[in-house]
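Got a structure for you, questions after.
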Amino acid sequence: DAGVIQSPRHEVTEMGQEVTLRCKPISGHDYLFWYRQTMMRGLELLIYFNNNVPIDDSGMPEDRFSAKMPNASFSTLKIQPSEPRDSAVYFCASRESGFDQPQHFGDGTRLSIL
Amino acid sequence: GNSVTQMEGPVTLSEEAFLTINCTYTATGYPSLFWYVQYPGEGLQLLLKATKADDKGSNKGFEATYRKETTSFHLEKGSVQVSDSAVYFCALKYGSGYSTLTFGKGTMLLVSP
């Protein structure tokens, strides 16, 4: 079975550019999560969706960040304009409904903003 | 609020040594507890979980027991292998939606031959 698929795996871009990260959750999973991982702050939850609807975006650092889930099989995380402090590994995860269903993580996108 | 505290790493061990990675939590009520593992260049994978006090989660030789009295969920393995080298995350889940995880900062384990 295919797991959570993220693209691109690596992204290097210059400060001020728009960055779009993509995620395809596991089919049948109705929760989707976006995380950011850095050495300093560890793993932070940015936003999560249930049935394509954003439920909690309190972790989104600022208005430069936005996330969408137009359908059950696709989500994007966009940063515009990007800044060097946005450099991190961004993970997408999905899970089924039901108490204690585990989250399944993608392999992440390593983002470097120069 | 809810929080998870893990011992700082890296933890460096020789192959076949005994492993303990400490994890304590703060939460109201009775959270579910998890250990996730992250191998280099990959995302996190669920290693084991426990949903109520005194439950023991186990997988791949790893074990952790949910201790309500000490609010702990320490990860143990009797004999580590080089392939166990990874970052280990303790996490809890609690809340009205039962949907989000609170992670510790992770503990890196390095096992040498």
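No lab work stands behind these numbers, since they all come straight from the coordinates. Given the structure is predicted, the values throughout are model-derived calculations rather than measurements. As a convention, Cβ positions derive from the backbone with ideal geometry for all residues, glycine included, and neighbour counts pool all protein chains shown.
For residue A:57, project a label point 7 Å along Cα to C-beta. Then give me every residue of the stretch A:90-104 with its amide nitrogen under 11 Å of that point.
No residue qualifies, since no backbone N sits under 11 Å from the label point.
Report the Rg/Rh value for chain A, based on alpha-carbon coordinates and the Kirkwood definition of Rh.
My calculation of the ratio gives 0.95.
Between residue A:40 and residue A:7, what length in nm is gained on full extension when 0.36 nm per residue of separation is reduced by their alpha carbon distance? Before the final figure, lay out the partial values.
On the way: separation 33, 0.36 × 33 = 11.88 nm, distance 2.40 nm.
Going from the current span to full extension adds 9.5 nm.
Also, I was wondering about something else. Give me the one-decimal nm value for the distance between modelled label points at residue B:5 and residue B:70, 7 Å along each residue's Cα-to-Cβ direction.
Using points 7 Å along Cα→Cβ, the separation is 1.4 nm.
Can you pull the mean other chain C-beta count within 10 Å for peptide A:103-113? Intermediate results must be reported in sequence, preceding the final value.
Values: counts 11, 4, 7, 3, 4, 5, 0, 1, 0, 0, 0.
What the average comes to for A:103-113 is 3.
Three principal axis extents, largest first, for the C-alpha atoms of the stretch A:1-66, in Å?
If we take the Cα atoms of the stretch A:1-66, the spans are 37, 26, 23 Å.
In vacuo Debye scattering of the protein assembly as shown, one point per C-alpha: log10 I(q)/I(0) at q = 0.08, 0.13, 0.16, 0.18 Å⁻¹?
With one equal scatterer per Cα and no solvent, log10 I(q)/I(0) is -0.29, -0.78, -1.13, -1.35.
Turning to a different aspect of this structure: Stokes-Einstein D for the stretch A:54-102 at 4 °C, 1.567 mPa s, Kirkwood Rh over Cα pairs, in µm²/s?
100 µm²/s
Roughly how many nanometres apart are two label points built 7 Å out from the Cα toward the Cβ at residue A:71 and residue B:30?
According to this spin-label approximation, the distance is 4.3 nm.
Right, something else. About the Cα centre of the protein assembly as shown, what is the dipole size in debye to 20, counting +1 per Lys and Arg Cβ and -1 per Asp and Glu Cβ, all else neutral?
Approximately 180 debye in magnitude.
Take every residue in peptide B:31-38, count the Cβ atoms of other chains within 10 Å of its Cβ, and give the average of those counts.
Rounded to a whole number, the mean comes out at 2.
Something else about it: Looking only at the protein assembly as shown, where both bridge partners belong to it, what percent of the DSSP beta bridges are antiparallel (to the nearest 5)?
Approximately 90 percent, going by the DSSP bridge assignments.
Give the Cα extents of chain B along the principal axes, in whole Å, largest first.
Dimensions of chain B along the principal axes of its Cα atoms: 45, 28, 22 Å.
Sum up the charges of everything whose Cβ sits under 12 Å from the Cβ of residue B:27, counting Lys and Arg as +1 and Asp and Glu as -1, but leave residue B:27 out.
+2
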